[in-house]
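Please read the structure below before turning to the comments.
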Amino acid sequence: MRSMAACLRDRSGATSIIIAFSAAAILALAALAVDLGSVFLQSRQLQGMADLAALAAARDLPNAQAAAEATARANGWAADLTVTVTRGVYVADRSTGAADRFQPTEVSPNAVRVTLASKADLYFGRAIVGEDATAISRTATAARAELAAFSVGSRLLSLNGGVANALLSGLTGSTVSLSAMDYNALISSDVDLFSYLSALRTDLDLKGASFEKVLEADISTGQALTVLSTLLRSQGDDRAASAVNTLAVAAGSATTARLDRLFDLGPYADQDELMGGSQAGVAISAMDLASATLQLAQGGRQVKLDLGASVPGLADVDVWLAIGERPNNSPWLGIDRDGSLIIRTAQTRVYVEAKVGTGSAISGLAQLKVPVIVEAASAEAKLTAINCAIGSASLGVKPSIGDAWIGEIDTSRLDNFKRGLDVSDATLARTRLLSIKGRGRLEMGGVTWQSVNFSAADIKGGVIKTVSTGDLAKGLAAGLVTDTYVSVDFPGVSLGLTRGVVTDSVTSVLSSAAAPLDEVINTVTGLAGVRLGEADVRVSGLRCKDSALVA
């Protein structure tokens, strides 16, 4: 008993006992840590494989299962692997929970969800759970990057050089003198939008800046056009480069280019380099880009052009042009995937005052004055569909609604877009013996969204398509003069002439003036980006084959 009591009272060796029990616990925890770390590492490897498999499947949706399996097995996973592929539709809507943005469906899928299931090895697990492996699975969702770049208001196929020079001189505040061949070179030359932005970034020394930051940079109109000229020259478009350089010199550094209001880059905004290779490029017309930059820099300034007798068929022409702000700061060109972006042209007013020789034998009636007013509202365009299977896209287009008159207005109020125009009867001619007045109006009816399809060849070829309202007259000025009412006043004088003789003579003169007036109006409104009752649209690029992880 005394020996037992002494043993119980003895505290020597307690540390060894504690160490023995602790060592066992430490070894168990170490084994658990090793296994947990191993499972985590193998899970991360499996997640990487799932990401790659999802990207491959999204690029080849018709063969998504085979693409995912081939990619997963190519990564050398040693254990058995189960690959489950679900096709569906992914909608990038921030108002929807991330888990609900992918919906399984076989109807026009644009995304896939790939789940990889396998087992992760356990090194010490057999002693704890009696198993040498544990089940793991990882899921990835990838959507096909279906994007289209499109613009509205690009209609220039040919130009009256004299009218274009006068208008661009007014916009730049200097003198522009380009030939018809110069303008044709500009119209036929395309540049890649992202190549242009990269060139701007280099010129501004904005290292690592995103495309959006480049657009927001402080740059003068002249500098923006100079960079465009340099890019054109690097492409071998020397004539177009020289023409843009002329515009750059005329524009100078007095105005800011405000390029951020010309483009909506969509998902490319935060990138600093173009992902997806050449197929992700966006082609834009050098003429459209130059004229849009000049217009926006002026901020809606009214421009008056004195064309003199430079327009064949007209004795003298004066033109007043006012370009309003684009609605809701709409861009000129946008990149979109789901139709949420609507781009709009600016409201535009043109007042043309032309003098036409009459060749009349009526005493004192040598010329008629023909005042024409055009008011074109904003034309709109949006993306409605992308068909990556055949490389096509569709736009919804709502042509510009507006009015046109023969009549007189107060030109000082032409650029006040907050109020309507007050149009009065025009005095077409006045002599000592008679006064001839006239007035006409061409009203546009309502329109709905019209669908315009662009094939792969249309997109590659930069085809511009025109959409018109159903009741648009085929010749604006021609339609006006046909419907113009002409009145003749003989103030108490007997001339031996009938009213019909005079009105017939005036109507004949107005009809002869219709074609040259059309040319002036179409050139001026074409450079401004709108035309009454019409919208010209272009799909500048389509990106289909690339994919991106979304979950």
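The values are calculated or read from the model by the stated rules, or taken from the named source; none is laboratory data. Quick caveat: nothing in here was measured; it's all calculated off a predicted structure. Glycine also receives a Cβ, built like all others from the backbone with ideal geometry; neighbour counts cover every protein chain displayed.
Quick look at the numbers
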| quantity | calculated |
| --- | --- |
| Test result for GLY170, assigned by TED's automatic domain parsing to the domain that holds LEU274 and at positive phi | no |
| Meets criteria (out of contact with any helix residue (DSSP H, G or I) (no Cβ under 7 Å at 6 or more places or on another chain), surrounded by 23 or more Cβ atoms within 10 Å (Cβ to Cβ) and closer than 13 Å to ALA290 by Cα) for LEU193 | yes |
| Spans of strands (runs of 3 or more DSSP E) in the range 389-443 with at least 1 residues within 21 Å of THR469 (Cβ to Cβ) and modelled with pLDDT of 80 or more | 392-398, 402-406, 435-443 |
| Subset tally (residues that are within 16 Å of ALA290 (Cα to Cα) and either out of contact with any Lys or Arg (no Cβ under 8 Å at 6 or more places or on another chain) or in a loop (DSSP other than H, G, I, E, B) (or both)) for the range 255-273 | 8 |
| Matching residues in the range 244-259 - criterion: being over 14 Å from THR175 (Cβ atoms) and either of a type outside the set (Lys, Arg) or at pLDDT 95 or above (or both) | VAL244, ASN245, SER253, ALA254, THR255, THR256, ALA257, LEU259 |
| Qualifying residue in the range 365-384 (condition: in the same structural domain as GLN295 (by TED's automatic domain parsing), in a loop (DSSP other than H, G, I, E, B) and modelled with pLDDT of 85 or more) | yes |
| Selection from the range 67-85 of residues that are within 13 Å of LEU55 (Cα to Cα) and touching a strand residue (DSSP E or B) at 6+ places or on another chain (Cβ under 8 Å) | ALA68, GLU69, ALA72, VAL85 |
| Residue within the range 518-530 that is assigned to a helix (DSSP H, G or I), of a type in the set (Val, Ile, Thr), touching a strand residue (DSSP E or B) at 6+ places or on another chain (Cβ under 8 Å) and under 30 Å from ALA385 (Cβ atoms) present | yes |
